[in-house]
Amino acid sequence: MDQTLASQSPEGPSIPFDNSYAALPQGFYARSDPRPATAPRLLAFNAPLAEALGITGLEDRAALAQAFSGNHLPEGAEPLAQAYAGHQFGGFSPQLGDGRALLIGEVMGRDGHRMDLQLKGSGRTVFSRNGDGLAAIGPVLREYLVAEAMQALGVPTTRALAAVATGDRVQREVGLPGAVLTRVASSHLRVGSFEYFAARQDRTRMQMLLEFAIARHDPGAATPLDFLKGVIARQADLVAQWMSIGFIHGVMNTDNTTISGETIDYGPCAFMDGYHPATVYSSIDRQGRYAYENQANIIPWNMAQLASSLLLLETDTEAGIAAYTEAVNAMPGLIQAAWLNRFGAKIGLSEPSEADRALIEELLALMTNQEADFTNTFRGLADGTAAGEFSDPAPFRDWERKWQARLEREGDPQALMRATNPAVIPRNHRVEEVLAAATAGDMAPFEDLFRVLQTPFTLAEADAAYAKPPRPEEEVQATFCGT
Ligand code: AMP
Ligand code: MG
């Protein structure tokens with residue numbers, strides 16, 4: 001009889017788990033079960049990503065909601081909270097860990113890459129401290145939307161597989177509807193994972209963590225130094241890419257800085273409208289530590305924390321310090337080179353040279369003076385509409401003449417610019433608008449914005465409103481962490 005019932009009940013998703021982190025010994029994590037959700041309801045599901053991960057049985061939305069709320073984890077899941085430490089706004093916490101997240105396992109994607117599946121907002125763990133382990137619909141959908149927008153923009157990022165409303169209330173400044181996000185990442189290892197064992201002077205586990213990380217992210221690395229250089233190269237590229245689309249992460253703590261080089265943690269992140277290098281949105285970043293332009297200074301600082309942690313593995317500390325210092329000191333040069341390539345492409349230069357740097361910086365200075373819209377000015381270069389982004393176009397016209405002269409040496413700068421400068425980004429006022437609607441129960445605005453952000457380099461006439469900067473009264477002044 002049981003069998004008859006089972007075959008009649010709708011099939012839930014099946015996930016081909018292949019877990020490796022759970023096989024690490026004691027000290028790396030704490031096993032923990034998700035908190036049951038009262039009335040799980042699927043808000044968003046990324047079917048193409050699920051298919052790329054080899055997940056099957058996607059037909060029944062109620063069953064997906066049961067699975068990705070954590071109520072009914074698919075067979076083979078081994079939920080656990082990962083241990084990590086971190087420097088938050090410069091101050092060190094020797095123990096943070098997954099306080100509101102659970103790694104449920106790993107799968108080998110169709111492309112042969114091992115990927116983590118993680119629930120976020122799934123209840124308290126031993127690492128929760130005073131937190132409730134929960135997340136509200138707004139921050140969950142914000143991460144879902146922005147992570148997938150970053151992916152479409154070509155920026156390395158963790159992905160969003162599912163967002164499920166739990167049917168439970170979450171107490172913040174006001175009571176809010178709760179939700180759980182399923183995040184997919186090429187791993188959840190961070191700088192803080194290494195700081196955790198460094199703080200404990202635990203050489204054995206540091207070595208195991210290094211081997212685990214190398215197998216996953218740097219199979220060619222033979223030494224901790226090789227590994228460090230790999231992380232530095234990925235992060236240098238990532239920050240240059242963020243800057244090239246006007247992205248401000250907002251909380252670049254070392255526990256939010258991945259080993260993979262993927263963007264993680266979309267708490268108080270924001271895209272700039274009007275350009276200014278000192279732009280900060282995060283309400284908790286009062287000193288501007290993570291301001292737009294300072295991102296390029298902070299990431300080497302974060303890499304220095306990784307380097308100090310890895311020193312634990314060196315027997316010759318003096319020589320280690322010298323070599324690691326050199327690797328970290330090389331990072332600003334890597335960022336500048338990546339920046340030049342990215343911003344060169346934005347003004348149509350296929351192989352920008354150092355001599356072109358001044359031309360780019362001159363444009364950015366003009367944009368700063370008049371707070372020209374970052375996205376629309378660059379996009380407008382290819383369309384001949386950039387001058388319209390300046391209240392006084394005269395200085396821009398002067399710059400434009402120099403630029404046109406430089407473009408004579410280029411093949412098809414228009415095509416390069418259109419492939420590099422998005423027509424549409426997740427503008428803060430639009431994001432806030434769709435999240436407010438979703439929190440009130442209406443998913444339609446979210447779905448429409450999500451659709452437009454899937455093809456950011458082309459914008460249909462009918463969707464032109466999504467490219468508009470906010471009117472003064474629409475401007476978002478501050479963003480808040482999802483806590
Ligand atoms: P984040 O700001 O999301 O990077 O989180 C920093 C640390 O705080 C991590 O250890 C999180 O697990 C923890 N944390 C954040 N929000 C919560 C929450 N609502 N409940 C428990 N822990 C949390
Ligand atoms: Mg975090």
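Remarks
- Considering only alpha-carbon pairs that sit under 8 angstrom and 6 or more positions apart, the relative contact order computed for the stretch 7-185 is 25 percent.
- Packing rank of 140-149, 460-469, 174-183, where each peptide gets the mean count of other beta carbons within 10 Å, highest leading: 140-149, 174-183, 460-469
- Relative to the longest principal axis of the Cα atoms of the chain, helix 444-453 runs at roughly 60 degrees.
- Charge-dipole axis of the chain as Lys and Arg at +1 and Asp and Glu at -1 on Cβ define it, positive-most pick from 156, 466, 42: 42
- Packing here is the average count of other Cβ atoms within 10 Å per residue, and on that basis the peptides 415-421, 428-434, highest first, run 428-434, 415-421.
- Isotropic mean projected area of the C-alpha convex hull, the stretch 137-215 (nm²): 7.5
- Antiparallel %, DSSP beta bridges [both residues in the chain], to 5: 95
- Farthest toward the positive end of the dipole of the stretch 7-145, out of 52, 121, 105, is the Cα of 121, where the dipole comes from beta carbon charges about the Cα centre.
- Helix 317-329 axis versus longest C-alpha principal axis of the chain: approximately 50°, rounded to the nearest ten.
- Placing +1 on the Cβ of every Lys and Arg and -1 on the Cβ of every Asp and Glu, with no other charges, gives the chain a dipole of roughly 680 debye about its Cα centre.
- Compactness index (Cα Rg / 2.2 N^0.38 Å), the chain: 1.00
- Cα-based shape type of the stretch 7-185, given that a ≥ b ≥ c are square roots of the gyration tensor eigenvalues and the cut on a/c is 1.5: rounded
- Based on the convex hull around the alpha carbon atoms, the stretch 340-420 presents an average projected area of 4.6 nm².
- 0 to 90° range, to nearest 10: angle between helix 354-370 axis and the chain longest Cα axis: 90
- Straight-line cross-link reach from residue 346 at under 24 Å between alpha-carbon atoms covers these lysines, not counting any fewer than eight positions away in the same chain: 402, 468.
- Over the chain, Cα pairs under 8 Å with separation of 6+ residues give a relative contact order of 13 percent.
- Computed magnitude of the charge dipole of the stretch 340-420 (debye, nearest 20; Cβ of K, R +1, Cβ of D, E -1): 140
- log10 of Debye I(q)/I(0), alpha-carbon scatterers only, for the stretch 169-285 at 0.13, 0.19 Å⁻¹: -0.66, -1.09
- Placing unit charges on each Cβ (+1 for Lys and Arg, -1 for Asp and Glu) gives the stretch 340-420 a dipole about its Cα centre, and among 399, 380, 415 the Cα reaching farthest toward its positive end belongs to 415.
- Phi-derived couplings, Karplus 6.51 cos²θ - 1.76 cosθ + 1.60 at θ = phi - 60°, listed residue by residue for the stretch 147-156: 4, 6, 5, 4, 4, 5, 7, x, 9, x Hz, with x used for Gly and Pro.
- Normalising the average separation of contacting C-alpha pairs (under 8 angstrom, six or more residues apart) by the number of residues puts the relative contact order of the stretch 340-420 at 39 percent.
- Global form of the stretch 429-483, assessed from the alpha-carbon gyration tensor, a/c cut-off 1.5: oblate
- Whole-percent pair-distance distribution, where bins are 5 Å wide, for the alpha carbons of the stretch 45-112: 4, 13, 18, 20, 15, 11, 9, 8, 3, 0
Read-outs: derived from the displayed coordinates by stated rules, not from any lab. For clarity, every value in this text was computed on a predicted model and none was experimentally measured. Note that each Cβ is placed from the backbone with ideal geometry, even for glycine, and that neighbours are counted across all protein chains shown.
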